[in-house]
Amino acid sequence: GKILIRARFKSAQGAWPALWLLGEKGRHPENGEIDLMEHLNSDPFVYQTVHSPFTKEYKNAADKSVFKNVPQQSARAKINKDDWNIYGCEWTKDKITFLVNGKPTHSYPRVPSLGEKQWPFKQPFYVIMSMQIGGGWVNAAHRGPTKASDFPTSMEIDWVRHYQKSK
């Protein structure tokens, strides 16, 4: 299938708008998460990421050398900051390809040798559109604190489109 969301947001120090998908079965991260975009502060790019039990184990592993054929979990994609952009992904049984403004920006493949924990994406997912203010990641020491003078801020959604292949 494919999902596309046309959105814009007003950048602000401490703003963290996100468009993401969360699996309906189980608890996080066992149910899987697909971040179509997360934007921090006034960055000219967004983060696009997948989360799963496998990515959590890999991230927390003291010795990453024991892992083989690990696909890249996350990437950054340039955006037209403070303007309309179209965020999305094309999703097959073997790959998730992230998109910004119709262009592929990152791909996360299913790697059968890594097991079921790497690919919890065989289930229905919810679409979540959120605007968080503040938090550990957006206000990390190198990014700085939320600036009240930057607010109010906003996130606008023009449309959400979902496509599914016929069986």
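The values are calculated or read from the model by the stated rules, or taken from the named source; none is laboratory data. It should be emphasised that the depicted structure is a prediction, and the values quoted were computed from it without experimental measurement. Cβ: placed from backbone, ideal geometry, glycine included. Neighbour counts: every protein chain shown. All accessible areas refer to the heavy atoms of the entire protein, side chains included, with ligands and DNA or RNA removed. Shrake-Rupley method; radii C 1.70, N 1.55, O 1.52, S 1.80 Å.
Between Lys56 and Arg143, the simple spin-label model (points 7 angstrom out along Cα→Cβ) gives 2.1 nm. Rolling a 1.4 Å probe over the protein heavy atoms leaves Leu21 with an accessible area of roughly 10 Å².
Only Cα pairs under 8 Å and 6+ residues apart enter the sum, and on that basis the relative contact order of the chain stands at 37 percent. For each pair in Lys10/Lys167; Lys64/Lys95; Lys2/Lys147; Lys2/Lys81; Lys68/Lys103; Lys59/Lys95, compute the distance between the two Cα atoms and list the pairs where it is over 31 Å. Pairs exceeding 31 Å: Lys10/Lys167; Lys2/Lys147. Placing dummy labels 7 Å off each Cα toward the beta-carbon, the span from Asp158 to Ser11 is 1.9 nm. Per-atom-type breakdown for segment 10-166 gives carbon and sulfur 53% of the accessible area (1.4 Å probe, protein chains only). Modelled label positions at Val70 and Met129, each set 7 Å beyond Cα in the direction of Cβ, lie 3.5 nm from each other.
Surface listing: Tyr126, Tyr108 arranged by accessible area from highest to lowest gives Tyr126, Tyr108, probe 1.4 Å. Only helices enter the 222 nm calculation for the chain: every DSSP H run of n ≥ 4 contributes -39,500 (n - 2.57), and dividing by all residues gives -1500 deg cm²/dmol, rounded to 500.
Solvent-accessible surface of the chain, taken per residue with a 1.4 Å probe and all protein chains present: 55 Å². For the set Phe9, Phe67, solvent exposure ranked by accessible area (probe 1.4 Å, protein chains only) runs largest to smallest as Phe67, Phe9.
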